[in-house]
């Protein structure tokens, strides 16, 4: 899963493990990935066949692998959501600012002004995305 999400660092790990393990152990890892419902991540990380992997999961893991931007990743998750409830949950998870991530990005403690600025940027990006979804471009 790590290699699927981070192709740069994870790709080296996958290559090392594949070259170091006997074929039976590699096959056991593959089986374990499928048992844990991580077939899509296995496929993206290893390039092996996506036997039985859920197409929605494949789409999401591929988007992570491609390091899509936050808004692009939101769009992919939106398109992969099967129900209105899943889309509502996605929006609810997307709106709040992730404070630890913001602090890590800023390299200092987060202030209220930082939170307001980040929250405004997130809402603005989400509103812009919703606007492009609501307004057809071919008019």
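Every number in this text was worked out from the coordinates using simple rules, so none of it is lab data. Since this is a predicted model, take the numbers as computed values, not measurements. All Cβ positions, even for glycine, are placed from backbone atoms using ideal geometry, and neighbour counts span all protein chains on display.
How far apart, in nm, are two points set 7 Å out from the Cα along the Cα-to-Cβ line at residue 68 and at residue 25?
About 3.6 nm, to one decimal.
Running a GNM on the chain with Cα contacts under 10 Å, which residue among 106, 71, 29 ends up with the highest mean-square fluctuation?
Its mean-square fluctuation being the largest, the pick is 106.
Pairing the Cα long axis of helix 70-80 with the longest principal axis of the chain, what angle in degrees results, from 0 to 90 and rounded to the nearest 10?
The angle comes out at about 70 degrees.
Going by a ≥ b ≥ c, the root eigenvalues of the Cα gyration tensor, does the stretch 95-139 fall in the rounded group (a/c under 1.5), the prolate group (a/b larger than b/c) or the oblate group?
prolate
Report relative contact order for the chain in percent, whole number only (criteria: Cα-Cα under 8 Å, sequence separation at least 6). Kindly include the intermediate steps, with their values, before the conclusion.
Working: 95 pairs, mean separation 24.6, N = 139.
18 percent.
Quick one: 43, 2, 65, fewest Cβ neighbours within 10 Å first, how do they rank?
The order, fewest Cβ neighbours first, is 2, 65, 43.
Can you tell me the orientation of helix 84-94 relative to the chain, as the angle in degrees between its alpha-carbon axis and the longest Cα principal axis, to the nearest 10?
Between the helix axis and the principal axis of the chain, the angle is about 80 degrees.
Quote to one decimal, in nm, the extra length available between residue 86 and residue 12 on full extension: 0.36 nm per residue of separation minus the C-alpha distance between them. The partial results should precede the final answer.
Numbers: separation 74, 0.36 × 74 = 26.64 nm, distance 3.43 nm.
Gain on stretching residue 86 to residue 12: 23.2 nm.
For the stretch 2-54, just say rounded, prolate or oblate: build the C-alpha gyration tensor, square-root its eigenvalues into a ≥ b ≥ c, call rounded for a/c under 1.5, and beyond that prolate if a/b exceeds b/c, oblate if not. Show your work: numbers first, answer last.
Values: a/c = 2.06, a/b = 1.11, b/c = 1.85.
Because a/c hits 1.5 or more and a/b fails to exceed b/c, the stretch 2-54 counts as oblate.
Ranked highest first by the average count of other Cβ atoms within 10 Å around their residues, in what order do 94-101, 50-57, 17-24 fall?
50-57, 94-101, 17-24
Roughly how many whole Å is it from the C-alpha centroid of the stretch 60-139 to that of the stretch 1-21?
If we compute the Cα centre of each part, the gap is 28 Å.
Give me the percent relative contact order of the stretch 2-54, please, defined on Cα pairs under 8 angstrom at least 6 residues apart.
Contact order relative to length: 32 percent.
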